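All remarks here apply to the structure that follows.
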Amino acid sequence: MKKILVLHTGGTIAMKENTLTGGVSPDVANPLMDAAITIPEEVELLVEDIFNIPSPHITPDHMLKIKERIQLAHLAGISSVVITHGTDTLEETAFFLDTTIGNQLPIVITGAMRSSNELGSDGLYNFESAIRVAACPEAEGKGVLVVMNDEIHAARYVTKTHTSNVATFRTPTLGPIGLVSKRRILFMQELLETPHWDVDNVDGLIPIIKAYAGMHGELFEGLLQTDIDGLVIEALGAGNLPPDTLPPLKKMLEKNIPVVLVSRCFNGIAEPVYDYLGGCCELQEMGVVFCNSINSQKARIKLLIAKNRELTHEEFIFFMEN
């Protein structure tokens, strides 16, 4: 028998809609605990309600607790893990687990866009699909996977793209790595090898700033008056910033505050292409680190992990750029 640990954390998949007001909120009991689903014959489920909170309430401390529970389960002989999670921060938890645990065992995260008693609720179907993926041999060695709406996505690249559509989770540029059909689990892409670093702590204050036309340096100046441990910038295009942001940004780098840059564009990567004032070439020369192929919220998680690993400068650059 393949033992699969199910960790419920809350979210829309565990909520109910108030039939009078239409508001969606956590139920007293998780409706998934007594859900009638079909599981493969060779699978035994061990189910735990580790949290029952909306995903905007999830913090890196919650992610750390999930990671530690999974590692204990792995030592106890658990074959795979399925996590149900709210969709707002699902990609961040998935990325944290993928970066810290890596390929130790298949970990599949799923959720729902419609609560358990809404018409067309997608929770049970996604939950059952996630179990099927976690149970299949092909899931081995692929890191953390996000399974929603008949698609399998890699945790590194997937993101939430719509506020309410059940097809909200997408992988920009690359698309899903696999599909869930009625009878088969199909993987159709190979994943690139990426570095993994485990952590015991998730301490640190790391904000995200989004660049915009006409941006001045006041936000950076304000952050210089705080005790931030790093900064993630969603820059313009391939990684450019308005010129007025450069003086306070230079002060930040002189104080050895790591600054990581991604593009605010939905597709593509940030890379040093433009060589003008505020262009990405100048930013790289100043010491800004370009974080390849992930969005700002994941770059923040990665920077948080790097901070708590106390990496050397060379290790830090390699980790953030790969």
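The values are calculated or read from the model by the stated rules, or taken from the named source; none is laboratory data. Just so it is clear, the model here is predicted, and its values are computed rather than measured. Cβ coordinates were reconstructed from backbone atoms using ideal geometry, including for glycine residues, and neighbour counts include every protein chain displayed. To get the accessible areas, we keep the full protein, side chains included, count just its heavy atoms, and leave off ligands, DNA and RNA. Shrake-Rupley method; radii C 1.70, N 1.55, O 1.52, S 1.80 Å.
What FRET efficiency comes out for the pair THR59/LEU253, r = Cβ-Cβ distance, R0 = 30 Å, nearest 0.05?
With R0 = 30 Å, the Cβ-Cβ based efficiency is 0.60.
Rolling a 1.4 Å probe over the protein heavy atoms leaves CYS265 with an accessible area of roughly 70 Å².
If you wrap the Cα atoms of region 160-291 in a convex hull and average its projected area over all directions, you get 11.4 nm². Grab the other residues whose beta carbon is less than 14 angstrom from that of MET33, score K and R as +1, D and E as -1, and report the net. Counting the neighbours of MET33, the net charge comes to -3.
Within the set LYS210/LYS307; LYS210/LYS255; LYS2/LYS298; LYS67/LYS251; LYS142/LYS251, which residue pairs have Cα atoms separated by over 29 Å? Write out the running numbers ahead of the final one.
Working: LYS210/LYS307 21 Å; LYS210/LYS255 21 Å; LYS2/LYS298 31 Å; LYS67/LYS251 36 Å; LYS142/LYS251 41 Å.
Where the Cα-Cα span goes over 29 Å, the pairs concerned are LYS2/LYS298; LYS67/LYS251; LYS142/LYS251.
A 1.4 Å probe run over region 29-79, with the rest of the protein chains in place, finds 56 Å² accessible per residue.
If R0 is 30 Å, what FRET efficiency do you get for LYS2 and HIS196 from their C-beta distance, rounded to 0.05? Kindly include the intermediate steps, with their values, before the conclusion.
Details: r = 24 Å, r/R0 = 0.79.
Rounded to the nearest 0.05, the efficiency is 0.80.
Computed across region 217-315, the Kirkwood radius stands at 13.6 Å (inverse of mean 1/r, all Cα pairs).
Taking Cβ atoms as reference points and 15 Å as the exclusive limit, the residues near LEU205 contribute a net charge of -1, counting Lys and Arg as +1 and Asp and Glu as -1. If a spin label sat at a point 7 angstrom from the Cα of GLU140 along the line to its beta carbon, the backbone N atoms of region 27-50 nearer than 18 Å would be those of 42-44. Distance between the 7 Å Cα→Cβ label points at ARG184 and GLN284: 4.2 nm.
Taking the inverse of the mean 1/r over every pair of distinct Cα atoms in region 89-210 gives a Kirkwood hydrodynamic radius of 15.2 Å. Its alpha carbons considered, region 1-115 gives a radius of gyration followed by a Dmax of 14.4, 47 Å.
Which of the chymotrypsin sites (Phe, Trp or Tyr not before Pro) found in region 194-291 are loop residues per DSSP with 13 or fewer other Cβ atoms within 10 Å of their Cβ? Write out the running numbers ahead of the final one.
Working: sites: TRP197, TYR212, PHE220, PHE266, TYR274, TYR276, PHE290; in loops: TRP197, TYR212, PHE266, TYR274, TYR276.
Loop-located and lightly packed - TYR212, PHE266, TYR276.
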